[in-house]
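Structure first, commentary second.
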Amino acid sequence: MGLLDYKRFLIKESDGQTYINADDTPSADSLGSIPKSDSTHDKKLQSIKSTLQEEAYDSISKVINERLPVKAQSSTGNIMKLIKNSLKVDDLPMFLTKLTDEPIKLTAESFSQKINVSQTLASHYGNVLPADVFKQIGKENSGDSGPYEIVLSIFSTLRKQGTAGDLVDTNGNVIEVKGASGRLKTKTSPGSSQPAQDAIIKILGISSPSEKDIGTRWIDAIFPAVKSKKFTSEEAKQFVTALSQYPKDWSTHRDEAARLIEKGISTANELLKLYVAIQLLSYADSSTDKFSYILNFTNGYDMCKVFKIAGSSLSELMTSASELSIAGWGIAADRGAGIGISVRK
């Protein structure tokens, strides 16, 4: 049985016969038929349906494994359980055909406006699987595959790139997927925000804020000193370098950021947007996974949006930052540390 042979699963009734593997119009050329008058009709039909159902599920499972890295294939069992519990037998032919022949076409540009991935997938597959099922599959996190990387790899044209946590679209764009509150961290980032705090406080000549980590409230606390200080060119460079949280010269945009500080930041929100933009650049520059876009989600994973990093100016990233909420600097074992980002609802 070929994976694309969806007609194998068609069962139709006509002229007092139940036709198995029927074409659009049942005929004597069908591979099998059971007279409705046969006393064992229902039992035979149920047996055949059960066999075809298991073959269809086996085909779906094979497609899933083909589209996932080996380490992520441990999720296949959980995914199949969700599908079996929700997918009606009569919907198997259409669903299998869509899955194998017509997965939804998604590129980085598909996420330029906020979309609900679960509802988008459910709609493409004829709503034979509820959006909530796709949302549950989206929570699968296995091996090097994080939330929503698995569901997008299976049901769309996006594909995993090797063992990294990236997706690649049909145009070759590499997309880094960050779940809600996903942290911008690499193994080269410092274990805490204290080195940056100390450097910033020294440049500003103020006492340390009571906030533990660099986040929204910390930025609010230091803003008055940033606004009132007359930065020299060198002080501005030192300030934005410390704000990046990375020990190396993090980006060609450093001088542009420093000029903004030297010129003067008018609001705490503007300083926060600059901080987030610097974090995005720092993360992209320091990450071992080279990507052009970050796909980020709202809390609850209801909506997501893509943000272009490669080739973007600092001002463009500051505009992107206005659509993000952040969690203060946090640490994840063996994965470095960084701020968490979520798309604003």
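The values are calculated or read from the model by the stated rules, or taken from the named source; none is laboratory data. Here the structure is a predicted model, which means the values were calculated and not measured. Here the Cβ is made from the backbone with ideal geometry for all residues, glycine too, and neighbour counts use every protein chain on show. We work out accessible area using only protein heavy atoms, side chains counted, and drop any ligands, DNA or RNA first. Shrake-Rupley method; radii C 1.70, N 1.55, O 1.52, S 1.80 Å.
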At 1.4 Å probe size, with no ligands or nucleic acids counted, give the accessible surface of E316 in Å², nearest ten.
-> 100
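Sorting T288, T298, T267 by accessible area (1.4 Å probe), largest first, what list results? Can you show the working numbers first?
Working: T288 125, T298 0, T267 60 Å².
So the residues, ranked largest to smallest area, are T288, T267, T298.
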A 1.4 Å probe over the protein heavy atoms gives the chain a carbon and sulfur accessible-area percentage of 47
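Nothing charged except the Cβ atoms of Lys and Arg (+1) and of Asp and Glu (-1): what's the magnitude of the dipole of the range 262-318 about its Cα centre? Round to the nearest 20 debye. Don't skip to the end; give the middle numbers.
Working: 5 positive and 6 negative charges, 17 e Å.
Charge dipole of the range 262-318: 80 debye, to the nearest 20.
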Go through the range 121-136 residue by residue and turn each phi into a ³J(HN,Hα) via Karplus (6.51, -1.76, 1.60, θ = phi - 60°); whole Hz please, and just put x for glycine and proline.
-> 5, 4, 5, 4, 8, x, 6, 6, 10, x, 4, 5, 5, 5, 5, 5
Between G32 and residues 5 or more places away or on another chain, which pairs have amide H atoms under 5 Å apart, with H built 1.01 Å from N, and which residues are they?
-> I20
Would you work out the relative contact order for the chain, in percent, from Cα pairs under 8 angstrom that are 6 or more residues apart?
-> 17
In what sequence, largest accessible area first, do H41, H253 appear using a 1.4 Å probe?
-> H253, H41
Added length on full extension, which subtracts the Cα-Cα distance from 0.36 nm per residue, S181 to K308 = 43.9 nm
In Hz, Karplus ³J(HN,Hα) per residue of the range 292-299 (6.51, -1.76, 1.60; θ = phi - 60°; x = Gly, Pro) = 9, 9, 10, 9, 10, 10, 6, 4
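Let me know the charge dipole size of the range 206-272 about its Cα centre in debye, to the nearest 20, where only the beta-carbon of Lys, Arg (+1) and Asp, Glu (-1) is charged. Spell out each step's value before the answer.
On the way: 10 positive and 10 negative charges, 21 e Å.
For the range 206-272, the charge dipole is close to 100 debye.
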Cα-projected label distance for E54 with S315, points at 7 Å along beta-carbon direction, nm = 6.6
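Of I11, I309, which has the most accessible area and how do the rest follow, probe 1.4 Å? Please report the intermediate quantities before stating the final value.
Working: I11 55, I309 10 Å².
Sorted descending by solvent-accessible area, the residues read I11, I309.
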The alpha-carbon center of the range 268-283 and that of the range 301-332 are separated, in whole Å, by 9
Give, as ranges by residue number, the residues of the range 294-324 whose backbone N falls under 12 Å from the point 7 Å along Cα→Cβ of R344.
-> 319-324
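Given +1 on the Cβ of Lys and Arg, -1 on the Cβ of Asp and Glu, and no further charges, what dipole in debye does the chain carry about its Cα centre, rounded to the nearest 20? Walk me through the numbers on the way to the answer.
On the way: 42 positive and 41 negative charges, 215 e Å.
My answer is approximately 1040 debye.
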Give, in nm to one decimal, the length gained when the segment between S210 and D15 is fully stretched (0.36 nm per residue of separation minus the Cα-Cα distance).
-> 62.0 nm
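For the range 25-117, calculate the relative contact order in percent as a whole number, restricting contacts to Cα pairs under 8 Å that are 6 or more residues apart. It would help to have the intermediate numbers written out before the result.
Numbers: 20 pairs, mean separation 24.2, N = 93.
Relative contact order for the range 25-117 comes out at 26 percent.
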At what distance in nm do the modelled label points of N299 and N127 sit from each other, each positioned 7 Å from its Cα along Cα→Cβ?
-> 3.1
Taking the dipole about the Cα centre of the chain, with the C-beta of Lys and Arg at +1 and of Asp and Glu at -1, give me whichever of G264, S61, P224 is farthest to the positive side.
-> P224
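Tell me what the chain gives for mean residue ellipticity at 222 nm when only DSSP H runs of n ≥ 4 count, each as -39,500 (n - 2.57), the sum divided by the residue total, rounded to 500 deg cm²/dmol.
Numbers: 12 runs with 144 residues, N = 345.
That comes out to -13000 deg cm²/dmol.
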Return the single residue from G138, G191, G126 with maximal mean-square fluctuation; model: Gaussian network over the chain, springs between Cα atoms under 10 Å.
-> G126
